[in-house]
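Report on the following structure.
Just so it is clear, none of the values below were taken in a lab; they were calculated from the coordinates. Being a predicted model, the structure only gives us computed values, none of them experimental.
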Amino acid sequence: MENASKALIIAGAILISILLITLGIVIYNMASSAVENNGMNEVEMQQFNQKFQQFEGKKNGSQVKTLVQTVNTNNANEQNYDTRIVTIDCSSCNGAGKVDKGGDGKASGKIDTTKIQANKNYNITVEDTDGNGLIDKVEVKPA
């Protein structure tokens, strides 16, 4: 009888251990998915991406200047989240320049919008280069 009660206690302890390990795995998975999407839900991610996707394709110089302002505003507002920093390359637009992500995770560089011609057309592409679902690269080239 004494051995049977000890066996039940050991079995109960094993079940509790399994439950605790399972709970730990569930909490870990929830936390890692929150980190992967930068703490943003799907709607927030779509709103973030829409700010840049609306400029994708063939646009005129005035729209490119607006895009540059949008990227600069985003980078100023999101400087605490390096995964939300957007780089932009306008170097093939009369040498207007580019904004990269520096070693500290913040935006570095400047684009001289006076070199972007308002009456000229440009091809704009946007990309998610790190696979986190957020646009992080914009490239502007003459059309």
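The C-alpha atoms of the chain define a longest principal axis, and helix 42-53 lies at about 20 degrees to it.
Using Cα pairs closer than 8 Å and at least 6 residues apart in sequence, work out the relative contact order for the chain, in percent.
Values: 197 pairs, mean separation 33.5, N = 143.
Contact order relative to length: 23 percent.
Summed over qualifying helices (DSSP H, 4 residues or more, each -39500 (n - 2.57)) and divided by its residue number, the chain shows a 222 nm mean residue ellipticity of -15500 deg cm²/dmol.
The alpha-carbon atoms of segment 46-142 define a convex hull whose volume equals 83 cubic angstrom per residue. Here's how it looks for residue 87: its modeled amide H is under 5 Å from those of 137, 138, which are all 5 or more places away or on a different chain. Gain on full extension, evaluated as 0.36 nm per residue between residue 11 and residue 46 minus their Cα-Cα distance, stands at 7.7 nm.
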